[in-house]
Amino acid sequence: MKKSVSRINKLLTVLLYFFPLALFFSYHPVISLGSSETMNFEFSIAEIYLLIFALTSLADLKNFFKYYGKRLIPFVLFPLYAGLSAIWSPNHLRAVFTTGLLGILIYVALEINLIFRQNDSLKNTLRRYLVQAAVIISAFCWLQCLLDVLGVPRTSTGLCEGCVYDAFGFPHPNGFAIEPQFMGNLLLVPALLSIYNLIYEEKLLFKKKYLQTIITIFLIATLFLTMSRGAIYAFGIGLAIIFILRFPVIKYNGKKSNKTTWLLIPITLAGFLISLTTQGALAQVSPTKDTFWTGVTKTIHQLSLGKVDLRPTELKNQPEEKPEETKPETETPAQSEDTSSKFSGYVEQSTAFRSQLTKDALDIWNDSPKNLLFGTGLGSAGIKLLEKDSELGTPKEIVQNQYASTLLELGLVGLILAVVIFAATLAFGLSDFSKNPLLIGASAAFLVSLFFFGGLPNALHVYLFPLLLANPTIQRASRHKE
């Protein structure tokens, strides 16, 4: 029995070494098995990884239940209720698949947490692997941008349709994620972890301080390069919380906080300026009419939601968006006769569309007492939104706000059960959480980012990456000693 448990443990440990990198492949490459009117049947590397890990760990299920016992109840209630909602959902198949993925995600998260509580050094190793994986994927993001302005088709670079240079005059990368907002979000924990480790912790993730400084700035620069406002705002909030909790004049854990807290500002500023300069340079060399200055000022205008406008007069007078044209999948922007980029700055229509989705979702949610309490059923968002707004065009649309989406599909009962899971997670290491500025900052960043996107398959990292930041403080598991 001991040998069997040991073999399972070793296998799970080997699988965990791939954990940080696997989650970066949240969409590309994708295995497509077709589609229906309301959903695509697709599997990403991240999803396949979770499934393999879950199936492997089933061999040790007895010890899993023995360790968690009654503490599993809060974690079971939410997926159980979500699955039950398939009964009143107009999209039964999507509800079933989503429930399955949700159940696997929760199970894997608990299993990883259990492994970490037995092996602290493994988690420290995976932290370093996470930052290394982020550097590799970030390097690919920069390569995507370079190849795009050189005229390589997006079908070869992996850029999404709205990511290519003809949008703003320069590309903004999505890595192996479906969109830049998810790529930027994937970098939240690696960037916060790297900067926190550099400034506050004695043992660095990398041996040379100058190397980690370069890596930290590079990750922050890549986050800004995605031009994802949701990810960038969330990063700023996470960083601000860390800064406040570790402010030099405040005593932290009985000791005066490190005065190097102020280094958070110049390091972040350096990353932003590198990204901004790169966007200007890409605009200058792209086949569009854009210049270095238009690229820089468009970025500032977009990130400030149109509040800071340094653009040249001709850009201010340019229409916000040109009509979309249908192009062959292999066509590149360089093949178009018009070399003007589509957007002259802040794309207000994008913000308005997302806001409207949230408004529509909340309107449907409070239409009736049944919707208010129980929602319209898991997976029903696209169908219900299309019923309300026929111009939406597809029943596959999601509410790009996870909180509004939860209320729409699962009602107040679903939202309360989701909060219960969050509270139960905190209860596992509440004393650790209150003394862990990095975990608090990263958790806040993710909670804020969920206002800007929704959907489970492309956001698995939101629920798994924080596991690498927590330090176990409750009793350790004892299954290895049996």
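Tell me whether the range 216-230 contains one or more residues that are more than 30 Å from Ile244 (Cα to Cα), over 13 Å from the mean Cα position of the chain (by Cα) and open to solvent by less than 20 Å² (accessible area, probe 1.4 Å).
Checked the range 216-230: no residue is more than 30 Å from Ile244 (Cα to Cα), over 13 Å from the mean Cα position of the chain (by Cα) and open to solvent by less than 20 Å² (accessible area, probe 1.4 Å).
Please find, within the range 434-459, the residue that is farthest from Phe18 (Cα to Cα) out of those that are open to solvent by 30 Å² or more (accessible area, probe 1.4 Å) and without any contact (Cβ under 8 Å) to a residue 40 or more places away in the chain.
Filtering the range 434-459 for residues that are open to solvent by 30 Å² or more (accessible area, probe 1.4 Å) and without any contact (Cβ under 8 Å) to a residue 40 or more places away in the chain, the one farthest from Phe18 (Cα to Cα) comes out as Ser434.
Restricting attention to the range 149-166, which residues are under 19 Å from Tyr27 (Cβ atoms) and in contact (Cβ under 8 Å) with a residue 60 or more places away in the chain?
Scanning the range 149-166 gives Pro153, Arg154, Thr155, Gly158, Val164.
Any idea which of Ala82, Ala46, Ala86, Ala54 is part of a helix (DSSP H, G or I), within 27 Å of Arg154 (Cα to Cα) and touching a residue at least 40 places away in the same chain (Cβ under 8 Å)?
The match here is Ala46.
What is the one condition in (1) more than 24 Å from Thr291 (Cβ to Cβ); (2) touching a helix residue (DSSP H, G or I) at 6+ places or on another chain (Cβ under 9 Å); (3) modelled with pLDDT under 90; (4) not basic (Lys, Arg) that Glu331 does not satisfy?
(2)
Tell me which residues, restricted to the range 84-100, are under 30 Å from Leu468 (Cβ atoms) and either of a type outside the set (A, V, I, L, M, F, W, C) or open to solvent by less than 30 Å² (accessible area, probe 1.4 Å) (or both).
Correct list: Thr98, Thr99, Gly100.
Given Glu42, Glu111, which one is surrounded by 20 or more Cβ atoms within 10 Å (Cβ to Cβ) and charged (D, E, K, R)?
Just one listed residue meets the conditions, Glu111.
Restricting the first residue to the range 408-433 and requiring it to be at positive phi, which pairs with a second residue that is modelled with pLDDT of 90 or more and open to solvent by less than 20 Å² (accessible area, probe 1.4 Å) meet a Cβ separation below 6 Å and a spacing of at least six or different chains?
Gly411/Gly375
Given the criterion part of a helix (DSSP H, G or I), open to solvent by 20 Å² or more (accessible area, probe 1.4 Å) and among the aliphatic types (A, V, I, L, M), identify the matching residue among Val189, Val152, Val135, Val131.
Val135 is the lone residue from the list that is part of a helix (DSSP H, G or I), open to solvent by 20 Å² or more (accessible area, probe 1.4 Å) and among the aliphatic types (A, V, I, L, M).
Return the only residue of Ile31, Ile8 being closer than 25 Å to Ser121 by Cα and surrounded by fewer than 19 Cβ atoms within 10 Å (Cβ to Cβ).
Ile8
What are the pairs with Cβ atoms under 6 angstrom where one residue, in the range 460-482, is basic (Lys, Arg) and the other, located anywhere, is modelled with pLDDT of 85 or more? Sequence gap at least six, or different chains.
The qualifying pairs are Arg479/Asn63.
Kindly list the number of the only condition in (1) in a helix (DSSP H, G or I); (2) touching a Phe, Trp or Tyr at 6+ places or on another chain (Cβ under 8 Å) that fails for Leu61.
(2)
For the range 94-128, what are the residues that are more than 18 Å from Leu460 (Cα to Cα) and assigned to a helix (DSSP H, G or I)?
Answer for the range 94-128, where residues must be more than 18 Å from Leu460 (Cα to Cα) and assigned to a helix (DSSP H, G or I): Leu114, Ile115, Phe116, Asp120, Ser121, Leu122, Lys123, Asn124, Thr125, Arg128.
Could you list, in sequence order, the residues of the range 338-382 that are over 24 Å from the mean Cα position of the chain (by Cα), more than 20 Å from Arg94 (Cα to Cα), surrounded by 22 or more Cβ atoms within 10 Å (Cβ to Cβ) and of a type in the set (Ser, Thr, Tyr)?
Passing the criteria: Ser341, Ser344.
Give the residues of the range 57-75 that are aliphatic (A, V, I, L, M) and without any contact (Cβ under 8 Å) to a residue 24 or more places away in the chain, sorted by residue number.
Within the range 57-75, Leu58, Leu61, Ile73 qualify.
The values are calculated or read from the model by the stated rules, or taken from the named source; none is laboratory data. Note that the structure is predicted; figures quoted are calculated from it, not measured. Using ideal geometry, Cβ is built from the backbone for each residue, glycine included, and neighbour counts are taken over all protein chains shown. What goes into the accessible areas is simple: the full protein's heavy atoms, side chains included, and nothing from ligands, DNA or RNA. Shrake-Rupley method; radii C 1.70, N 1.55, O 1.52, S 1.80 Å.
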